[in-house]
Amino acid sequence: MLTILYRGPLASCDYDCPYCPFAKRRDSTEQLRADRAALERFCAWVADQDEEMSILFTPWGEGLVRSWYRRALVDLSRLPIVRRVAIQTNLSTRTGWLADADRDTVALWCTYHPGETPHTRFLTKTAELAALGVRFSVGVVGLPEHLDAARGLRAELPDSVYLWVNAAEGHTYTDAAAADWTAIDPLFGYSRDPHRTRGRACRTGESVVSVDGAGDVRRCHFVPELLGNLYDGSFRKALRPRPCPLDVCDCHIGYVHTEQLPLYDMFAGGVLERIPAEPVWLPLPARVP
Ligand code: SF4
Ligand code: SF4
């Protein structure tokens with residue numbers, strides 16, 4: 001099975017987080033049109049495949065405020081060859097359109113940005129997703145000023161929802177600070193420090209690839225070397241096991257695919273939308289039915 005991380009040219013967002021790590025910009029009408037055309041081309045390619053695949057959209061900006069990303073999730077979720085289709089989102093969007101998606105296949109990776117949206121509004125959206133039966137995880141960036149909001153969110157989210165914490169880029173954590181975040185997300189330790197990956201096995205470039213709007217295929221979002229193109233099929237002959245060429249990997253959407261970490265087992269069935277197979281965030285007695 002092939003796993004595809006798709007990132008088209010879209011780079012605009014309806015939020016303005018001061019810590020935004022992405023190349024955010026205002027998209028012109030022309031750029032939006034190009035993004036739409038690229039996404040529709042990608043969806044048409046998927047619909048034409050025989051091989052099973054899982055897809056994660058990782059836009060630079062916010063995709064779900066654009067009708068074509070909502071349509072892509074609904075349409076792809078209904079294709080028999082698509083095992084999972086997920087997107088990273090700030091969850092500012094309406095949720096009712098997800099009723100048209102196959103809820104066994106669609107999933108959302110939702111990030112809560114405390115300075116950009118009221119707590120209650122975000123919680124209401126998650127309740128809507130739960131009522132629709134949509135799989136989703138929720139997360140926050142582990143900045144000190146987010147700690148109270150993250151604790152509040154954890155306390156108010158249902159036990160069934162996993163709340164992940166991403167280490168903030170360029171931020172180092174004392175053991176005490178890491179313990180605070182680990183109390184919210186027991187898997188925070190995997191995010192706390194970058195993973196040394198040079199020369200080590202990683203599934204990207206073999207069973208996982210990154211695709212851009214032009215269909216250019218790379219092993220992951222972080223290694224610029226081209227493997228070929230999706231639309232002429234040239235990437236296929238390049239797929240093979242290959243060690244990581246970078247010193248470190250510090251983003252979940254990358255290191256989840258490394259073989260040195262046990263994350264494929266821990267997130268079995270939910271690797272792309274970041275949902276652990278077991279409710280590791282609950283105390284042990286609460287996990288026993
Ligand atoms: S929601 Fe995401 S893309 Fe948008 S400004 Fe915040 S961090 Fe950047
Ligand atoms: S370990 Fe990270 S940076 Fe290295 S190839 Fe895998 S995903 Fe890419």
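Check 261, 282 and return the single one that is more than 23 Å from residue 61 (Cα to Cα), touching a residue at least 60 places away in the same chain (Cβ under 8 Å), touching an Asp or Glu at 6+ places or on another chain (Cβ under 7 Å) and assigned to a loop (DSSP other than H, G, I, E, B). It would help to see each step written out before you state the result.
On the way: 261 fails: touching an Asp or Glu at 6+ places or on another chain (Cβ under 7 Å).
The match here is 282.
For segment 96-110, indicate whether the set of residues that are over 21 Å from residue 76 (Cα atoms) and either surrounded by fewer than 17 Cβ atoms within 10 Å (Cβ to Cβ) or of a type outside the set (Phe, Trp, Tyr) (or both) is non-empty. First the steps, then the outcome.
If we filter segment 96-110 for residues that are over 21 Å from residue 76 (Cα atoms), which is where we start, we get none.
No, segment 96-110 contains no residue that is over 21 Å from residue 76 (Cα atoms) and either surrounded by fewer than 17 Cβ atoms within 10 Å (Cβ to Cβ) or of a type outside the set (Phe, Trp, Tyr) (or both).
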### Message
Just to be sure before I move on: is residue 41 touching a residue at least 40 places away in the same chain (Cβ under 8 Å), more than 16 Å from ligand 2 (Cβ to nearest atom) and touching a Leu at 6+ places or on another chain (Cβ under 8 Å) in the structure I sent?
### Response
no
#### Entry: Selection count, segment 201-241, where residues are in contact (Cβ under 8 Å) with a residue 40 or more places away in the chain and among the basic types (Lys, Arg)
1
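Taking the criterion of being away from ligand 2 (no atom under 16 Å from the Cβ) and on the phi > 0 side of the Ramachandran plot, would at least one residue in segment 79-88 satisfy it?
Our first condition is that a residue be away from ligand 2 (no atom under 16 Å from the Cβ); within segment 79-88, this holds for 79-87.
With the extra rule that they be on the phi > 0 side of the Ramachandran plot, the set shrinks to none.
Checking segment 79-88: not a single residue is away from ligand 2 (no atom under 16 Å from the Cβ) and on the phi > 0 side of the Ramachandran plot.
Identify the residue in segment 264-279 that is loosely packed, with under 14 Cβ neighbours inside 10 Å and in a loop (DSSP other than H, G, I, E, B) and, among all such residues, is farthest from ligand 2 (Cβ to nearest atom). Working first, answer last.
Within segment 264-279, the first condition is being loosely packed, with under 14 Cβ neighbours inside 10 Å, and the residues that meet it are 265, 268-269, 277-278.
Checking which are in a loop (DSSP other than H, G, I, E, B) leaves us with 268-269, 277-278.
On the way: 268: 19, 269: 20, 277: 21, 278: 24 Å.
Within segment 264-279, the match that is farthest from ligand 2 (Cβ to nearest atom) is 278.
Looking for whichever is surrounded by 11 or more Cβ atoms within 10 Å (Cβ to Cβ), at pLDDT 95 or above and in contact with an Asp or Glu (Cβ under 7 Å, 6 or more places away or on another chain) here; the options are 143, 153, 163. Which one fits? It would help to see each step written out before you state the result.
On the way: 143 fails: in contact with an Asp or Glu (Cβ under 7 Å, 6 or more places away or on another chain); 153 fails: in contact with an Asp or Glu (Cβ under 7 Å, 6 or more places away or on another chain).
Only one candidate qualifies: 163.
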### Task
Take segment 251-267 and flag every residue that is touching a strand residue (DSSP E or B) at 6+ places or on another chain (Cβ under 8 Å) and within 16 Å of ligand 1 (Cβ to nearest atom).
252, 253
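The values are calculated or read from the model by the stated rules, or taken from the named source; none is laboratory data. Since we're looking at a predicted model, the values are computed, not measured. All Cβ positions, even for glycine, are placed from backbone atoms using ideal geometry, and neighbour counts span all protein chains on display.
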